[in-house]
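Notes to accompany the following structure.
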Amino acid sequence: MRLDRPPANALDPDLLSESAALVDELRSRDPGAVVITGRDGFFSAGADLKVVPSLDASGQAAMVDGINRLFAGWYSFPRPVVCAVNGHAIAGGMILALCGDYRVGCDEGKLGLTELRAGIPYPACALAVVKAELSAAAARVLALRAELIDPPTALALGALDELVSPDDVVPRALEVASEMAALPRSAYPIVKKQLRRETLEVLAAAVSGRADPVAAGWVSSETAAASAGILDS
């Protein structure tokens, strides 16, 4: 799956809806494995900061629900998911990468959990994936400092599993995906569910019709100014 929404693969309502539909389609097709990557230089820059500050209450709730469903869909996907992080992976883009069973990065681009810097709290599924996939110390530093880091630092913090050259990211991800697809097919989803059971329960609750508490206050009076500052930097 290649995200291709110029210029930065930012997540807006349409992209969230299309991605969720693709997850459902792929579940029905039961592929050997899935590789997720982005367009040149960008895996994803996260939520569209031009759109988020303009959302009314219903728009906020819908977008939070879309983000929750996207992350829940990929994190619970029963087959191997390999993320080819081919460039910048920021905020929701970094969390999408964390949904992968294996994450291949490159030595170009910046990564980070910058939601706080944009004045945007974490939807329930986003934070659950962060807490499950990063150590407590790494999650604390990345979420509460809200700074961008380079790929070697991301590797050291466990956000990436390996680094290769930019031209080799997708080929290496396909290689890993092929290796994982060859593992016993009946056992893989069982072991994955065993490994992630507690987190999957949180994700299921968030998308089962219960409103995410953050939706009502997702966009604050600070969000527009904070988002504009990021876009201008």
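Hey, LEU195 hits all of (1) over 21 Å from the mean Cα position of the chain (by Cα); (2) under 18 Å from GLY100 (Cα atoms) but one; which does it fall short on?
The single condition LEU195 does not satisfy is (1).
What's the total number of residues in the stretch 124-137 that are without any contact (Cβ under 8 Å) to a residue 60 or more places away in the chain, part of a helix (DSSP H, G or I) and surrounded by fewer than 19 Cβ atoms within 10 Å (Cβ to Cβ)? Steps first, please.
So in the stretch 124-137, the residues without any contact (Cβ under 8 Å) to a residue 60 or more places away in the chain come out as 126-127, 130, 133-137.
Adding the requirement that they be part of a helix (DSSP H, G or I) leaves 126-127, 130, 133, 136-137.
Restricting the remaining residues to those that are surrounded by fewer than 19 Cβ atoms within 10 Å (Cβ to Cβ) gives 136-137.
Total satisfying the criteria: 2.
When you check TYR75 against the structure, is it touching a Cys at 6+ places or on another chain (Cβ under 7 Å) and of a type outside the set (Lys, Arg), yes or no? Let's see the steps before the verdict.
Values: touching a Cys at 6+ places or on another chain (Cβ under 7 Å): yes; of a type outside the set (Lys, Arg): yes.
It is true that TYR75 is touching a Cys at 6+ places or on another chain (Cβ under 7 Å) and of a type outside the set (Lys, Arg).
Residues that are farther than 27 Å from TYR188 by Cβ: which strands (runs of 3 or more DSSP E) entirely in the stretch 18-123 hold 3 or more of them? It would help to see each step written out before you state the result.
Working: elements: 34-37, 41-44, 81-85, 87-90, 102-106.
Once the strands (runs of 3 or more DSSP E) in the stretch 18-123 are filtered for at least 3 residues that are farther than 27 Å from TYR188 by Cβ, what remains is 87-90.
Conditions (1) in contact (Cβ under 8 Å) with a residue 24 or more places away in the chain; (2) open to solvent by 70 Å² or more (accessible area, probe 1.4 Å); (3) touching an Asp or Glu at 6+ places or on another chain (Cβ under 7 Å); (4) within 15 Å of SER44 (Cβ to Cβ), marked per residue:
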residue	(1), (2), (3), (4)
ARG103	yes, no, yes, yes
VAL141	no, no, no, no
ASP161	yes, no, no, no
GLU179	no, yes, no, no
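With out of contact with any Gly (no Cβ under 8 Å at 6 or more places or on another chain), of a type outside the set (D, E, K, R) and either open to solvent by 20 Å² or more (accessible area, probe 1.4 Å) or within 28 Å of LEU195 (Cβ to Cβ) (or both) as the only criterion, which of GLY38, GLY92, GLY46, GLY73 stands out?
Values: GLY38 fails: out of contact with any Gly (no Cβ under 8 Å at 6 or more places or on another chain); GLY92 fails: out of contact with any Gly (no Cβ under 8 Å at 6 or more places or on another chain); GLY46 fails: out of contact with any Gly (no Cβ under 8 Å at 6 or more places or on another chain).
Only one candidate passes the filter, namely GLY73.
The values are calculated or read from the model by the stated rules, or taken from the named source; none is laboratory data. Just so it is clear, the model here is predicted, and its values are computed rather than measured. Note that we place each Cβ from the backbone using ideal geometry, even for glycine, and neighbour counts take in every protein chain shown. Side chains included, ligands, DNA and RNA excluded: accessible areas come from the protein's heavy atoms. Shrake-Rupley method; radii C 1.70, N 1.55, O 1.52, S 1.80 Å.
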